[in-house]
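Colleague: Have a look at the structure that comes next, please.
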Amino acid sequence: MIAHIRRHTGERFKCEICNKGFIQGYHLTNHKRDAHNIDERSHIRRLEKFKTQSAQEIQVMYVAQQEQLSELMRQKAELEMRQQELEATIRLDVDSQLQETDQQIAEMQRQLHDIEEQRQKILLNEVTSEQYEMANTVVASEGNIIKMEGEIIEVSVETQA
């Protein structure tokens, strides 16, 4: 019944060595025995009989290498998961910093715009004040007469005959 439920939920029996998943428990047992040379009942490695000592040593080295490879693959999978988590965290952090910087830039641009408007008003007021003062006087110098009419400044050159 449990195996039937596992089939519908997708839950799997996992190999602790290589993280491979199996729907049936006996598939995991067979996998451990065949791939990792582990007897499930005693949780120890089965000793196979070899004709020569060197053949047995080679088998032991091979199984040890398989175990190391399986452990490295498990570590790699964990590191890749951690890397993805960190990338997501860093991406969120960078996105947050970019958004904050964009807001600061927009605020600075608004401030610069306001300052420019004030500067233009001050310059306009200064020019208007100068024009007002000049409009009240007529300046004659070396035949050049400057006269003001409203905001228009006219310079006329009079020739003396």
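Rule-based calculations on the coordinates, nothing more; no lab input. Not measured: the values here are computed from a predicted model. Reconstructed Cβ throughout: ideal geometry from the backbone, glycine too, with neighbour counts over all protein chains shown.
Colleague: Once the piece of chain linking Gln120 and Gln104 is laid out straight, how much longer is it, given 0.36 nm per residue of separation minus the C-alpha distance between them?
Modeller: 3.3 nm
Colleague: Tell me, what is the FRET efficiency for Met73 and Ser96 to the nearest 0.05, using R0 = 30 angstrom and their Cβ-Cβ distance as r?
Modeller: The formula returns an efficiency of 0.30 here.
Colleague: Grab the beta carbon distance between Gln65 and Thr9, set R0 = 41 Å, and tell me the FRET efficiency rounded to 0.05.
Modeller: 0.70
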